[in-house]
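Q: I'd like to ask some things about the structure below.
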Amino acid sequence: MGIITGAHGVKGEVRVKSFTAEPAAIAEYGPLEDERGARRFALELTGTVRGMLIARIPGIADRNAAERLAGTGLFLDRAALPKPGEDEFYHADLIGLAAVLKQGGELGRVRAVHDYGAGDSLEVEKPDGGTVMVPFTETIVPEIDIAGGRLVVDPPPGLLDNRPVEAELEDEEKPQ
């Protein structure tokens with residue numbers, strides 16, 4: 001659902017990066033847990049700063065305690081989440097799917113979903129152990145079959161190799 005990125009101020013508030021569609025909605029799900037389910041965190045949002053939420057957590061009263069929470073992932077039991085809408089997916093549902101090429105053949109398996117600010121990208125582990133980043137757009141990933149355990153990738157020229165796009169375009173212009 002999110003991650004505590006560090007302390008804010010000296011009174012125990014924390015900065016939280018929310019992964020929910022509406023960032024402030026993270027506090028509406030009730031107490032969240034760490035990855036092991038060992039600790040629970042009820043977030044009381046107090047503001048925002050540079051795209052991050054600021055929150056108080058009961059029991060965290062000073063900067064030192066807040067700093068110790070930096071890097072703590074905030075999780076929620078899957079049953080508490082709403083069903084995704086049509087053409088919406090939870091990242092956890094995409095991880096592990098087989099990635100097959102539209103033209104035929106296996107690309108690999110989805111290893112992770114990343115959001116670096118310009119939209120989601122799929123990290124696909126190839127059979128040879130290497131990885132490739134695939135923009136998660138409807139054009140490049142036109143078909144997703146969660147139940148069938150696969151998604152289809154239709155890569156533009158140059159996406160899956162180390163050659164610059166210009167070299168591929170030059171190859172297309174050469175007479176056969």
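The values are calculated or read from the model by the stated rules, or taken from the named source; none is laboratory data. As the structure is a prediction and not an experimental result, all values here were calculated from the model. Note that we place each Cβ from the backbone using ideal geometry, even for glycine, and neighbour counts take in every protein chain shown.
Q: Consider Ala99 carefully, then state whether it is surrounded by 11 or more Cβ atoms within 10 Å (Cβ to Cβ) and either touching a Leu at 6+ places or on another chain (Cβ under 8 Å) or assigned by TED's automatic domain parsing to the domain that holds Val153 (or both).
A: Answer is yes for this residue.
Q: If you take the residues of the range 110-147 that are acidic (Asp, Glu) and within 28 Å of Gly51 (Cβ to Cβ), which of them is surrounded by the fewest Cβ atoms within 10 Å (Cβ to Cβ)?
A: Per the criteria, the residue is Glu138.
Q: Also, I was wondering about something else. Do you know which residues across the range 105-160 are over 17 Å from Glu88 (Cα atoms) and charged (D, E, K, R)?
A: Those that are over 17 Å from Glu88 (Cα atoms) and charged (D, E, K, R): Glu106, Arg109, Arg111, Glu123, Glu125, Lys126, Asp128, Asp154.
Q: Select, from Val14, Val100, Val49, the only residue that is over 18 Å from Asp115 (Cα atoms) and in contact with a helix residue (DSSP H, G or I) (Cβ under 6 Å, 6 or more places away or on another chain).
A: So the residue among Val14, Val100, Val49 that is over 18 Å from Asp115 (Cα atoms) and in contact with a helix residue (DSSP H, G or I) (Cβ under 6 Å, 6 or more places away or on another chain) is Val14.
Q: Next up: I'd like to check which strands (runs of 3 or more DSSP E) are fully inside the range 1-95 and have at least 2 residues that are free of Cβ contacts under 8 Å to residues at least 24 places away in the same chain and surrounded by 10 or more Cβ atoms within 10 Å (Cβ to Cβ).
A: Ranges flagged: 44-49.
Q: Still on this structure: For the range 96-136, enumerate the residues that are within 30 Å of Ala27 (Cα to Cα) and either over 16 Å from the mean Cα position of the chain (by Cα) or outside any loop (DSSP other than H, G, I, E, B) (or both).
A: Across the range 96-136, the qualifying residues are Val110, Arg111, Ala112, Val113, His114, Asp115, Asp120, Ser121, Leu122, Glu123, Pro135.
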